[in-house]
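J.: My questions will all concern the structure given below.
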Protein chains: 4
Amino acid sequence: MRVGVLTGGGDCPGLNAALRAIVRAAAHAEPLEVIGFRDGWRGPLDGDTRPLGASDVLDVLDRGGTLLGSSRTNPISMDDGIDRVRSGLVAAGCDALIAIGGEDTLGVAHALAEAGVAVVGVPKTIDNDLSATDVTIGHDTAVAIATEAVDRVRTTAESHHRAIVVEVMGRHAGWIALRSGIAGGADAILIPEQPFDIEEVVARCARVTARGRAPIVVVAEGAVPQGGEEVLTRAGTDAFGHVQLGGVGDHVAAEIGRATGVSTRAVVLGHLQRGGTPTAYDRVLGTRFGLHAVDAVRDGAWGSMVALRGDEIVRAPLADGVGKLKTVPPEQYAEALALLD
Amino acid sequence: MRVGVLTGGGDCPGLNAALRAIVRAAAHAEPLEVIGFRDGWRGPLDGDTRPLGASDVLDVLDRGGTLLGSSRTNPISMDDGIDRVRSGLVAAGCDALIAIGGEDTLGVAHALAEAGVAVVGVPKTIDNDLSATDVTIGHDTAVAIATEAVDRVRTTAESHHRAIVVEVMGRHAGWIALRSGIAGGADAILIPEQPFDIEEVVARCARVTARGRAPIVVVAEGAVPQGGEEVLTRAGTDAFGHVQLGGVGDHVAAEIGRATGVSTRAVVLGHLQRGGTPTAYDRVLGTRFGLHAVDAVRDGAWGSMVALRGDEIVRAPLADGVGKLKTVPPEQYAEALALLD
Amino acid sequence: MRVGVLTGGGDCPGLNAALRAIVRAAAHAEPLEVIGFRDGWRGPLDGDTRPLGASDVLDVLDRGGTLLGSSRTNPISMDDGIDRVRSGLVAAGCDALIAIGGEDTLGVAHALAEAGVAVVGVPKTIDNDLSATDVTIGHDTAVAIATEAVDRVRTTAESHHRAIVVEVMGRHAGWIALRSGIAGGADAILIPEQPFDIEEVVARCARVTARGRAPIVVVAEGAVPQGGEEVLTRAGTDAFGHVQLGGVGDHVAAEIGRATGVSTRAVVLGHLQRGGTPTAYDRVLGTRFGLHAVDAVRDGAWGSMVALRGDEIVRAPLADGVGKLKTVPPEQYAEALALLD
Amino acid sequence: MRVGVLTGGGDCPGLNAALRAIVRAAAHAEPLEVIGFRDGWRGPLDGDTRPLGASDVLDVLDRGGTLLGSSRTNPISMDDGIDRVRSGLVAAGCDALIAIGGEDTLGVAHALAEAGVAVVGVPKTIDNDLSATDVTIGHDTAVAIATEAVDRVRTTAESHHRAIVVEVMGRHAGWIALRSGIAGGADAILIPEQPFDIEEVVARCARVTARGRAPIVVVAEGAVPQGGEEVLTRAGTDAFGHVQLGGVGDHVAAEIGRATGVSTRAVVLGHLQRGGTPTAYDRVLGTRFGLHAVDAVRDGAWGSMVALRGDEIVRAPLADGVGKLKTVPPEQYAEALALLD
């Protein structure tokens, strides 16, 4: 039996741990042959494969990214995309596919399963916005990196009596902001799920400043002010004539600075959050997901994805994982508010 | 209402996050007064208290240890210990107590609750061996530190064609060894729950060596060879003719070296595993546990402890938490075996 | 004898180590009284002081920033600024001053010394652009942080076949870019001292891409293209109507993307580079500088600054330190070029 | 022209950076062919070589250890060892050799040079005990790891009112202990160069304890008590009645515990200090040493070694590097004493 594997969407730390576990688990008992598709769905679409054996996954546990490459190629948005992927799998001689990815990638996996393809999913996204699993590969590392950033800017903010706004990833879900904000002791945490009142943010920063401390705000890139997104959608032009859009972090920093008179800076973490050595947590999670994905293949549990529940790995229907985004529930956001002094 | 707080047993990263959250949450709504008992149960026994207010918990999120101090003082092993603790709480004017600790500390909390004291528990232990919660404060940091150690020794082992044995904490439960072993890609993981066959460990190391790689073994301090512990109690003689007795790490290293002829070293992590900056994960967990402990106090949920289930914080009876140790289940140990190549 | 201490200019990791060492060394032999001025030169100008004793410097070794606060207040740009600082020192009862800072702060210290004030300097700046010393406090930590950033973005760049440009600090000197670029294995390093040929940068990135690798470029904020700075000085307007200027990192990324067709992103490290826990190197350097500054005070070595030469701490005239910027010499930049494959 | 390269003695972080730089620099201008000898001097003795090209040194900058392997094989202690190495070099077709190592390895290199072999040296050792260079490859990383260990144990010591002794490497020179002790804020630093008075160490710990703090002692493995080493060779009896002999860390911990009544623990870092990701400092140093070693080969500067002086790389006679150990001078140890409060 030959199993194809691919990683789709944005890369994240922990993917290589999953690939290593898949290769190793496949070699046990009745061995499965594993081949890798390069760059997510581009692989089966273009017939771009590579063998994936024991020697390919040596020394990859502590490596971020994905040795298979990734892309945002999405067959669903193409004519006959799902059919073309199916043909690509057949052409590569695959009896089954393990698709590792986030909402988009697993959405394609779900469509393939609906179309009768033998597919199993593994959930990853630094944003942690997939349903049906407690957490996804890559999220813990992203939170760790963002927390370290908050720690670092704090000492500068205190020394210079400044306010600093840290913009983290999270277009639709505020998990990274929530957790790094709590871990870093932020004075305000702004997430997409809860449109923010800039007056309130400013007032809170002013209170912190009045106590002789330096306010730190963590804001998810997808956070929006109350009253709609339009404030964030005015296009600007940068110094080189390229049209661009300041992010919400810059906006919030500008507003705090204007309203409080305190020198305020924004730091945008961007791609720093998704690369580099995975935390131990993500290595263990990726490894366990990989092992159980192979079990699911052996069991013919097509259309399912592996998921963490408590400290067990279970299976969930792909439909549950991608049906709706897992956003921060109000009661967890309330926890952040309960911490404010 | 006045609430006492104490931290008992071995310290760990994340305790200060819990204390900070307790202080902050207590200041909201109907404010509670919080006082700290010093050094675990020694505090109420000796009437040793300190106020615990907003200024005491500034800048502690990234600090390991516990600002209240800790001890292994255990009232259960004393005559009238439970009564004396109760009297100490009354003398300090406490209407309720939040006890943060592991099996021993929460065991005392449970006994107090049985005796009618208004007590709520918060689970912490780097060993992660408390039932009723997915994980305890401090465990994630300990796994992270142990994993970094495995990463570090690996490069030396490879460069010198050596085997290295890393001994980590875990007297009765192998969680740290299991997870750091998986995250670090160990060739063998030895845990208390599964007496090990030294012949098998040696054979595995020999296979790794035969492939030109350097074997890494992670062993929990409480792991025992098949056939009982007596093998570990024979006094040995070191290279200089001095009689000595090592822990299980030294034992396993000696056996591997003797049987394979490969130069083999043991590294004992010891106290490195429990100190220093907590991971973001432990800061968030400690914070959430602290917040929910205050909720439990407000709700009069005496005799309960806070616990993580999935990504929610719930309450569980203290009896469930301390009734029996949470050890590594065979199916999770089997995951580690499935990874071996 | 009473000694005043201040920290001026941008904060950096290692300042607290210097302050701790000053306090501790001052308490030995014939004890000196130490007082701190808050926020750099604003302290003596405004008469804003605080006592600085043993208890103030506990637990600060691993803290970034400066417990005295800092500012960019510069008396030289004020009418009678130097006289006013001198009066402030007299009013505070100071017999001598230790000024810790970079070019601006030590420039003021030099002017004070010329005016007969008993002053000693300690060199700090993450940019490492002070003459007369091998290195300044804060530089090693900044290089470490920037290197970690390069490591992190590399895995993402490889996984997505992208080019990534990392913009680091260094307005006039490229030390951070040079060293983090070498440590991170960058494919191009652009520094202020060597105007860059964008065609050459693009060509090099294209060669890297042609080998199937992802190009990483490290650029100092002060790097300029050959042909002058004007390309970087066109003002833009951001999404919120604020006038702003895209940095050189954005510019280089846009050019690489345009010319190679490879998706290219810029990451601007900004304030992440100057905060947080200092490296061991910076803690040792700050400590030694602090100790020797107290020696210089005891010896009446006014007008001097402490400096590292090899592994010894020596004294140099302040005039030498601030006379001209220490920029990257051509032969050290040539080292970076010699590494290119 | 064909150049052989080898790494001898204990491995350390930064060696791969040097190898990468050698390979890359050799490919420029008039290209040199580079071959690697495996496992230090064992390589030329056994004729064990491997090609060393561009693809071998990809992705190694952040890897500890040495991709060539190492050993403590020392030809000087063999009959005709130097001649046999010379023959091995000839047999491998090498016109010159770059030997990367510490005192032993460079001692052999010196002997070879004396015997007319075209050899150039590169200094590495975590202990930093080579003369003629400000610092050696690997030292900075070792100090960083030891400092992190001191930071970690401190929080446990404070929480439990314990004393903790950290034993670090340094058999003949105390550089690691000195610098990690200063960086970690140790209360006592014991180094081989200065036999210690255990009474004084105990008294100092007692003073720290009396102030309500937890004493931390950093001790180099080669530190000895005043009065000679015999105190360390008495077999002791541990808490369980087993006869054992510890290192100096255990000895000092036992004495502190006995004399002060404070619970005292020893942590022995051992191999943790020499592995894993190199600091940015060591990556830059290793890289620059590698580049300049190739320059030295091109210049025919046989019998020299590269060395850091200030921020320049210079050449020094191998004889100077290995003539006598670079130990901690009394005035630098005095700095540590001046810090004590």
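The values are calculated or read from the model by the stated rules, or taken from the named source; none is laboratory data. Because the structure is predicted, anything quoted here is derived from the model rather than measured. Cβ coordinates were reconstructed from backbone atoms using ideal geometry, including for glycine residues, and neighbour counts include every protein chain displayed. Please note that ligands, DNA and RNA were not included when accessible areas were found on the heavy atoms of the full protein model with its side chains. Shrake-Rupley method; radii C 1.70, N 1.55, O 1.52, S 1.80 Å.
J.: Confirm whether residue C:72 is of a type in the set (Lys, Arg) and at pLDDT 95 or above.
T.: Working: of a type in the set (Lys, Arg): yes; at pLDDT 95 or above: no.
No; evaluated as a whole, the condition is false for this residue.
J.: Next up: Is it true that residue A:107 is within 20 Å of residue A:291 (Cα to Cα) and either under 23 Å from the mean Cα position of the chain (by Cα) or open to solvent by less than 50 Å² (accessible area, probe 1.4 Å) (or both)?
T.: Working: within 20 Å of residue A:291 (Cα to Cα): no; either under 23 Å from the mean Cα position of the chain (by Cα) or open to solvent by less than 50 Å² (accessible area, probe 1.4 Å) (or both): yes.
No; evaluated as a whole, the condition is false for this residue.
J.: Residues to consider are B:301, B:307, B:334; find the one that is of a type outside the set (S, T, N, Q), surrounded by 20 or more Cβ atoms within 10 Å (Cβ to Cβ) and at pLDDT 95 or above. Working first, answer last.
T.: Values: B:301 fails: surrounded by 20 or more Cβ atoms within 10 Å (Cβ to Cβ); B:334 fails: surrounded by 20 or more Cβ atoms within 10 Å (Cβ to Cβ).
Exactly one of B:301, B:307, B:334 is of a type outside the set (S, T, N, Q), surrounded by 20 or more Cβ atoms within 10 Å (Cβ to Cβ) and at pLDDT 95 or above, namely B:307.
J.: Right, next: Residues in the range B:35-43: is at least one within 14 Å of chain D (Cβ to nearest Cβ), acidic (Asp, Glu), under 28 Å from residue A:147 (Cβ atoms) and outside any helix (DSSP H, G or I)?
T.: Within the range B:35-43, not a single residue is within 14 Å of chain D (Cβ to nearest Cβ), acidic (Asp, Glu), under 28 Å from residue A:147 (Cβ atoms) and outside any helix (DSSP H, G or I).
J.: Same structure, new question: Quick check on my filter: what residues within the range D:50-61 are without any contact (Cβ under 8 Å) to a residue 24 or more places away in the chain and not basic (Lys, Arg)?
T.: Within the range D:50-61, the subset without any contact (Cβ under 8 Å) to a residue 24 or more places away in the chain is D:50-51, D:55, D:58-59.
Of everything in the range D:50-61, those that are without any contact (Cβ under 8 Å) to a residue 24 or more places away in the chain and not basic (Lys, Arg) turn out to be D:51, D:55, D:58, D:59.
J.: Another one. Can you find a residue that is facing another protein chain (nearest Cβ under 7 Å), open to solvent by 20 Å² or more (accessible area, probe 1.4 Å) and closer than 27 Å to residue B:183 by Cβ anywhere in the range A:176-198?
T.: Yes - at least one qualifying residue is present in the range A:176-198.
J.: Can you spot a residue in the range C:120-137 that is in a helix (DSSP H, G or I), buried (at least 22 other Cβ atoms within 10 Å of the Cβ) and in contact (Cβ under 8 Å) with a residue 12 or more places away in the chain? Walk me through how you get there before you give the answer.
T.: Keep residues of the range C:120-137 that are in a helix (DSSP H, G or I), which gives none.
No, every residue in the range C:120-137 fails to be in a helix (DSSP H, G or I), buried (at least 22 other Cβ atoms within 10 Å of the Cβ) and in contact (Cβ under 8 Å) with a residue 12 or more places away in the chain.
J.: Another question, then. For the range A:53-65, check the following and say yes or no: at least one residue is closer than 19 Å to residue A:139 by Cα, outside any helix (DSSP H, G or I), among the aliphatic types (A, V, I, L, M) and open to solvent by 10 Å² or more (accessible area, probe 1.4 Å).
T.: First, the residues of the range A:53-65 that are closer than 19 Å to residue A:139 by Cα: A:60-65.
Then keep just the ones that are outside any helix (DSSP H, G or I); that gives A:60-65.
Subset that is among the aliphatic types (A, V, I, L, M): A:60-61.
Among the residues that remain, those that are also open to solvent by 10 Å² or more (accessible area, probe 1.4 Å) are: A:60-61.
Yes, the range A:53-65 contains at least one residue that is closer than 19 Å to residue A:139 by Cα, outside any helix (DSSP H, G or I), among the aliphatic types (A, V, I, L, M) and open to solvent by 10 Å² or more (accessible area, probe 1.4 Å).
J.: Could you count how many residues in the range A:79-114 are over 18 Å from residue A:322 (Cβ atoms) and either touching a strand residue (DSSP E or B) at 6+ places or on another chain (Cβ under 9 Å) or part of a loop (DSSP other than H, G, I, E, B) (or both)?
T.: 9
J.: Would it be correct to say that residue A:204 is more than 30 Å from residue C:252 (Cβ to Cβ), modelled with pLDDT under 95 and more than 9 Å from every other protein chain (Cβ to nearest Cβ)?
T.: On the way: more than 30 Å from residue C:252 (Cβ to Cβ): yes; modelled with pLDDT under 95: no; more than 9 Å from every other protein chain (Cβ to nearest Cβ): yes.
The answer is no for residue A:204.
J.: Another question, then. I need every pair where a residue in the range C:321-338 that is touching a residue at least 24 places away in the same chain (Cβ under 8 Å) and more than 30 Å from residue C:111 (Cβ to Cβ) has its Cβ under 7 Å from the Cβ of a residue that is open to solvent by 50 Å² or more (accessible area, probe 1.4 Å) and assigned to a loop (DSSP other than H, G, I, E, B), sequence separation at least 6 or different chains.
T.: Pairs that qualify, where the first residue is touching a residue at least 24 places away in the same chain (Cβ under 8 Å) and more than 30 Å from residue C:111 (Cβ to Cβ) and the partner is open to solvent by 50 Å² or more (accessible area, probe 1.4 Å) and assigned to a loop (DSSP other than H, G, I, E, B), are C:333/C:194.
J.: Out of the residues in the range A:255-283 meeting the condition of being facing chain C (nearest Cβ under 8 Å) and at positive phi, tell me which one is farthest from the chain's Cα centre (by Cα).
T.: Looking at residues that are facing chain C (nearest Cβ under 8 Å) and at positive phi, I get A:276.
J.: Select from the range C:43-83 the residues that are of a type in the set (A, V, I, L, M) and under 18 Å from the mean Cα position of the chain (by Cα) and list them in ascending order. Working first, answer last.
T.: Looking only at the range C:43-83, we keep the residues that are of a type in the set (A, V, I, L, M), and these are C:45, C:52, C:54, C:57-58, C:60-61, C:67-68, C:76, C:78, C:82.
Matches in the range C:43-83: C:67, C:68.
J.: Please list, ordered by first then second residue, the pairs with beta carbon atoms under 6 Å, 6 or more apart or interchain, first in the range A:281-310 and without any contact (Cβ under 8 Å) to a residue 24 or more places away in the chain, second part of a strand (DSSP E or B) and open to solvent by less than 10 Å² (accessible area, probe 1.4 Å).
T.: A:292/A:306
J.: Please go through the range B:310-325 and pick out each residue that is open to solvent by less than 30 Å² (accessible area, probe 1.4 Å) and either under 16 Å from the mean Cα position of the chain (by Cα) or of a type in the set (Val, Ile, Thr) (or both).
T.: Of the range B:310-325, the ones open to solvent by less than 30 Å² (accessible area, probe 1.4 Å) are B:310, B:313, B:316, B:318, B:321-322.
Once the filter is applied, which keeps residues that are open to solvent by less than 30 Å² (accessible area, probe 1.4 Å) and either under 16 Å from the mean Cα position of the chain (by Cα) or of a type in the set (Val, Ile, Thr) (or both), the range B:310-325 yields B:313, B:321, B:322.
J.: Against the definition (within 14 Å of chain A (Cβ to nearest Cβ), within 17 Å of the chain's Cα centre (by Cα) and modelled with pLDDT of 95 or more), how does residue B:170 come out, yes or no?
T.: no
J.: In addition: Condition test on residue C:153, is it under 22 Å from the mean Cα position of the chain (by Cα), within 14 Å of chain A (Cβ to nearest Cβ) and open to solvent by less than 10 Å² (accessible area, probe 1.4 Å)? Talk me through it step by step, then tell me what you get.
T.: Numbers: under 22 Å from the mean Cα position of the chain (by Cα): no; within 14 Å of chain A (Cβ to nearest Cβ): yes; open to solvent by less than 10 Å² (accessible area, probe 1.4 Å): yes.
Here the answer is no, as residue C:153 does not meet what is asked.
J.: So for the range C:260-278 (the condition being charged (D, E, K, R) and within 30 Å of residue C:162 (Cβ to Cβ)), does at least one residue qualify? Let's see the steps before the verdict.
T.: Filtering the range C:260-278 for residues charged (D, E, K, R) gives C:265, C:274.
Those still in the list that are within 30 Å of residue C:162 (Cβ to Cβ) too: C:265, C:274.
Checking the range C:260-278: at least one residue is charged (D, E, K, R) and within 30 Å of residue C:162 (Cβ to Cβ).
J.: Can you name the residue in the range D:11-34 that is in a loop (DSSP other than H, G, I, E, B) and surrounded by fewer than 24 Cβ atoms within 10 Å (Cβ to Cβ) and is also modelled with the lowest pLDDT among such residues?
T.: Applying the first criterion (in a loop (DSSP other than H, G, I, E, B)) to the range D:11-34 yields D:11-14, D:27-32.
Going one step further and asking which of them are surrounded by fewer than 24 Cβ atoms within 10 Å (Cβ to Cβ), we end up with D:27-32.
Details: D:27: 95, D:28: 89, D:29: 81, D:30: 90, D:31: 93, D:32: 97.
Checking each candidate, the answer is D:29.
J.: Where residues in the range C:1-10 are open to solvent by 10 Å² or more (accessible area, probe 1.4 Å) and away from every other protein chain (no Cβ under 13 Å), which of them is farthest from the chain's Cα centre (by Cα)?
T.: C:1
J.: Considering each of A:47, A:43, A:64 in turn, give the residue that is in contact (Cβ under 8 Å) with a residue 12 or more places away in the chain, assigned by TED's automatic domain parsing to the domain that holds residue A:101 and more than 16 Å from residue A:97 (Cβ to Cβ).
T.: Values: A:47 fails: more than 16 Å from residue A:97 (Cβ to Cβ); A:43 fails: more than 16 Å from residue A:97 (Cβ to Cβ).
A:64 is the lone residue from the list that is in contact (Cβ under 8 Å) with a residue 12 or more places away in the chain, assigned by TED's automatic domain parsing to the domain that holds residue A:101 and more than 16 Å from residue A:97 (Cβ to Cβ).
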